[in-house]
Amino acid sequence: SLLNLIGALDAPTAGERYFRGQPYSVMLDLADFRRRHVGFVFQSFHLIPTLGVLDNVLVPTIGTPGRSAVHRARALELLERLGLADRLQHFPATLSGGERPRAAIARALINKPDLLLADEPTGSLDSANAAQVLDLISDIRRERGLTVVMVTHDAGVSAHADRLVPMRDGKVAAP
């Protein structure tokens, strides 16, 4: 998919991708690039079932220098902003359909990425939680200059975008 190509999870069959003017093909460690610069919110969330919410959010910080206290404080702040402060030790299976995507969003934002790739991040949320998530993403986008690439079929979510790039049949289409 487009998000996998942008996020360096998949390689294109032709052409080149660039990040800040540098071609992906010259990057020596794409895993490090993803950890430092890209936050992913997958449609199926990919939370680790044997970890609580807080530990799931902290997974991307493994191997990051200075991990412990700074990242834990950031995780707690994100979880508070997303209304999950009372669910820190809860396993993904015990979370509601609205809580799982919020935990995944917190995990995507923990390393303060430059680029957030989100595949239907509000698809399973009620309108109040969807608005809260979109507000958080917008706030962080403004605070940090975060670039957000979001896939959605929801016109209400699209209305929050600064720019729309429609796709039809797997190709960029005219607006």
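Flag set for ASP119, criterion: closer than 26 Å to ARG74 by Cβ, crowded, with 18+ Cβ neighbours inside 10 Å and out of contact with any Gly (no Cβ under 9 Å at 6 or more places or on another chain). Screening VAL151 against (1) out of contact with any helix residue (DSSP H, G or I) (no Cβ under 6 Å at 6 or more places or on another chain); (2) modelled with pLDDT of 95 or more; (3) surrounded by 11 or more Cβ atoms within 10 Å (Cβ to Cβ) leaves a single unmet condition, (2). Search segment 30-82 for residues being outside any helix (DSSP H, G or I) and of a type in the set (Phe, Trp, Tyr), and hand back the single one that is surrounded by the fewest Cβ atoms within 10 Å (Cβ to Cβ). Residue satisfying both the conditions and the ranking: PHE42.
When residues in segment 1-18 are screened for being within 14 Å of GLY39 (Cβ to Cβ) and in contact (Cβ under 8 Å) with a residue 40 or more places away in the chain, 3 of them pass.
For segment 119-134, taking the residues that are of a type in the set (D, E, K, R) and within 14 Å of the chain's Cα centre (by Cα), the one that is modelled with the highest pLDDT is identified as ASP119. Of all residues in segment 143-170, those that are assigned to a helix (DSSP H, G or I) and either over 20 Å from PHE19 (Cα atoms) or of a type in the set (A, V, I, L, M) (or both) total 5. How many residues are in a loop (DSSP other than H, G, I, E, B) and among the polar types (S, T, N, Q) if we restrict to segment 83-130? Residues meeting the conditions: 5. In the set (1) over 19 Å from ARG100 (Cβ atoms); (2) within 12 Å of the chain's Cα centre (by Cα), MET167 fails one condition alone, (2). Within segment 67-95, being over 28 Å from LEU9 (Cα atoms) and of a type in the set (S, T, N, Q) holds for GLN89, THR94. All of (1) touching a Phe, Trp or Tyr at 6+ places or on another chain (Cβ under 8 Å); (2) of a type in the set (A, V, I, L, M); (3) farther than 25 Å from VAL172 by Cα hold for ALA31 with one exception: (1). For segment 43-57, a residue qualifies if it is at pLDDT 90 or above and over 18 Å from ILE140 (Cα atoms), and the qualifying residues are PHE45, HIS46, LEU47, ILE48, PRO49, THR50, LEU51, GLY52, VAL53, LEU54, ASP55, ASN56.
The values are calculated or read from the model by the stated rules, or taken from the named source; none is laboratory data. The model shown is predicted, which means the values in this text are computed figures rather than measured ones. Note that we place each Cβ from the backbone using ideal geometry, even for glycine, and neighbour counts take in every protein chain shown.
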